1. Whenever you get a sec, line up A:ASP18, B:ASP172 from highest to lowest accessible area (probe 1.4 Å, protein heavy atoms).
2. What figure, in Å² to the nearest 10, do you get for the accessible area of B:SER296 with a 1.4 Å probe and non-protein molecules left out?
3. For peptide B:171-182, how many partner chain Cβ atoms fall within 10 Å of a residue's Cβ, on average?
4. Over segment B:336-495, with the other protein chains present, what is the accessible area per residue in square angstrom, probe 1.4 angstrom?
5. Ordering A:THR228, B:THR486 by accessible area with a probe of 1.4 Å, largest first, what comes out?
6. Can you give me the solvent accessible area of B:TRP494 with a 1.4 Å probe, rounded to the nearest 10 Å²?
7. Using a Förster distance of 51 angstrom, determine the FRET efficiency expected from the C-beta separation of B:ASN466 and A:ALA322, and round it to 0.05.
8. Please name the residues of segment B:323-351 whose accessible area, counted over protein heavy atoms with a 1.4 angstrom probe, falls by no less than 30 Å² between the chain alone and the full protein assembly.
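The values are calculated or read from the model by the stated rules, or taken from the named source; none is laboratory data. It should be emphasised that the depicted structure is a prediction, and the values quoted were computed from it without experimental measurement. Here the Cβ is made from the backbone with ideal geometry for all residues, glycine too, and neighbour counts use every protein chain on show. Remember, those area values only see protein heavy atoms, side chains included, never the ligands or the DNA or RNA. Shrake-Rupley method; radii C 1.70, N 1.55, O 1.52, S 1.80 Å.
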Number of protein chains: 2
Amino acid sequence: MSFAHLEPSEAARLIRHDMTVGFSGFTPAGSPKVVSRALAELAIAEHEAGRPFKIGMITGASTGDSLDGALARADAVKFRTPYQSNSDMRKALNSGKAEFFDMHLSQLQQVVRSGALGKIDVAVLEAADITEDGEILLTSGVGSIPTTARLADKVIVELNEAHPKELQGIHDIYEPLDPPYRKCIPINTPRDRIGVPRLKLDPKKIVGIVRNNQPDDVKGFDDLTDTTRAIGANVANFLAHEHKAGRIPKEFLPIQSGVGNIANAVMAALNDAKEIPPFEMYTEVIQDAVFDLIDSGKVKFASGCSFTISEPVQKRLYGDLARYRQHLILRPQEISNNPEVVRRLGLITMNTALEADIFGNINSTHVLGSAMMNGIGGSGDFTRNAYLSIFACPSVAKGGKISAIVPLCSHVDHSEHSVAVLITEYGVADLRGKGPEVRAKLIIENCVHPSYRPQLKAYLELAGHNSHTPQTLSKAFRMHVQFQETGSMLGVDWN
Amino acid sequence: MSFAHLEPSEAARLIRHDMTVGFSGFTPAGSPKVVSRALAELAIAEHEAGRPFKIGMITGASTGDSLDGALARADAVKFRTPYQSNSDMRKALNSGKAEFFDMHLSQLQQVVRSGALGKIDVAVLEAADITEDGEILLTSGVGSIPTTARLADKVIVELNEAHPKELQGIHDIYEPLDPPYRKCIPINTPRDRIGVPRLKLDPKKIVGIVRNNQPDDVKGFDDLTDTTRAIGANVANFLAHEHKAGRIPKEFLPIQSGVGNIANAVMAALNDAKEIPPFEMYTEVIQDAVFDLIDSGKVKFASGCSFTISEPVQKRLYGDLARYRQHLILRPQEISNNPEVVRRLGLITMNTALEADIFGNINSTHVLGSAMMNGIGGSGDFTRNAYLSIFACPSVAKGGKISAIVPLCSHVDHSEHSVAVLITEYGVADLRGKGPEVRAKLIIENCVHPSYRPQLKAYLELAGHNSHTPQTLSKAFRMHVQFQETGSMLGVDWN
């Protein structure tokens, strides 16, 4: 069958108030770009006409400004899951305009299939190619679309010429059976292919194709700073030391690396670390730095859910796909982040902490315990099931007025049980096999910024040795509260 | 070869100050009983002679008083991992006498193999039988002993006649390869056997056998109360409702159930719930109630790590092993709690909260954020990877002076992302697909004790709608602090 060609505004009108819509992609990579903007315009027009227009949005993870930004600015979002990182969307969900359900990304597809998030009315997906019988070549991000598109009543396809048809063979589309019929996900190395290269949909559900030629809206990274360079070096030195000591096997282990400037600096440091042998990656987002490591031979293979890469790196990839295809797979997030596979492969996981506490708990989501930053993303999927779970962050923020390390995290996303190692630009705290008081001393000595060490040591002494975790609830948030009141966490008086 | 027969005191003297010792069992079930008491006596004698004597203890989980209690009272413990529940051991680790490393139980064996906990000098294990070539029939609990005994320099066997040789065939001993060579753990149903019935050790390492005839020191449960009965009924009704709605598949799903009086009440309620079809269990501890459900036909099969059962139930089991063997498997904790298997099987997990907060975070370990109760145990292994993660607890403790539901947990072990449903004797809060403010209203209305509802509603209103999670850090622990000061959480003034 041949599909109707639609203008973006025609496609948008297939979506109505109160519908739940599944969108393709993972980060701006592979997310819809033009139907979403038209949908925002439709919402604005509806609101101006005095009619309600808000939808439920189920994505892979964050998306581009053309989706999250446009719909948030149009106040067109009733419900959002599972992750976002757009400043306008963040405003919407921190002001009660949009309800946000923050989820472990690996669980999304299973929860959607269970029916616990209701039915999917429409799916909007970006494709590089489509056949008449509904075989869809996805683009730079997979996300949750294999599930949401399969379950949706209607599917709208954005056929985006910015992505070449030579992407064929990059994707490995696999959807497990649900329990009690689920079997082993047969991935034993990051290289293993278990599915098919294209998403196959019932062509009768595909209600139209919207043509488009817009690149992924991925920003580049900041240049390395002394701080991020030092964090990267500390991670690399620690891993080299563990490898030499035999606690990481001689073949090394696959690496998961978070997203952002710190992850970028860590990857650069691993590239430079001659003692660390070439390795594989089993990760969520494949970002710019990975391509340098593939080119240098340091990364032998990378499996992920998206290519979240800046325009110059995308040009490099798309200009040499035959070569890169030997080193890369994109999978649905249910598989890229799957606990079964994470545990089996024995990943070394490296994620960024928004805030850590002296006992080793991690806050990944909430600023001052309250405002949502982005969401937990895949950090829980990877951390909890890791072979070696590392968190890294700069020791201070806001020019030293915030210590990233506090007496007690204002929100805990990863409890101390799931955090093996904490690293800042000052050093490494290896928390394995240690009780809370020993961990606290180590973190204060090795990781805390020197200007905050005396005050955190003093906090630790408040409680004495009369409990397992020397925590004093009446004062545990005093640094946070002082920051809220004075703009600085420094110089807290514990009396 | 034939093994030396030792008196308990002779065996104890093979263990020296500063050694790390691995012990068999999981809960009092299968834990050593006489070498441990002799070791405590040796420690006391050494201390009286002015010599240091403290060991590192690696167990499966909690143990009996003959191990944790005896060694704690003798001040013979330098380091303890991964879990305990003995009152004297609890005192030791809350007073700085023993360093306690609280771990996810599924991770212990892997972490021991990695070398991160140092070397195992001696293993002490309880056996029902042993052959001359070192094939050991374990008893009522497996725990981590397949790993610690294999890695130990020396192994001491407590041959305990209280356990019959007819236990042969109950155990499924399997130790996975470590990454990067690990393959799928081929368990697709709780019934699947993947290993061997006996633990095979190098007989040259077995330094002696100590004969013994002491039963597992397992206490029975309290009778059901109105509160635990109401919690059980709420869980059963919720599951029946989800099953009817199709969000639990028609075949039902395997159940994991925690340990203790509430778990016992829940199992009794499931037994009575006619709408719930017969099911299987993939759990950690198989406790008394499970045997009633096997006898009634409600539980078709139960896989676990131990039979933690009272004396009358053990008599029932041991008197009819040929029949019960068709319905039961005991596995090492690395397998009974394995995230790969938990996720694949799609478990409905049911664990007890020590404390919950209105946003759905759970405290499983720390009283008032500071004193260790028992440890995280398997709750993290199961909860995070569950198909449907349920936490239950009575709404109040200490006759109403403590609300189990507070503005913010004083310690978070399971973040809101890993908690699908919260249940008390008052009702059910289904948190799936809901933002923090909606969750909070639901928890307050459905789960909080009526005497605490106004005060928690008032807390929620403090922050307004200016953030994703309406948390007010300066007041978040006011209920806890008031309890510390006055002995009651009731009537907190938020101004």
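1. Working: A:ASP18 85, B:ASP172 5 Å².
So, going from the largest accessible area down, we get A:ASP18, B:ASP172.
2. Roughly 70 Å² of B:SER296 is accessible to a 1.4 Å probe.
3. Details: counts 0, 0, 0, 0, 0, 2, 2, 4, 15, 15, 4, 6.
Averaged over the peptide's residues, the number is 4.
4. Working: 4130 Å² over 160 residues.
Ligands and nucleic acids excluded, the result is 26 Å² per residue.
5. Numbers: A:THR228 20, B:THR486 95 Å².
My answer, sorted largest first, is B:THR486, A:THR228.
6. 20 Å²
7. Values: r = 52 Å, r/R0 = 1.03.
The pair B:ASN466/A:ALA322 has a calculated efficiency of 0.45.
8. B:PRO339, B:GLU340, B:ARG343, B:ARG344
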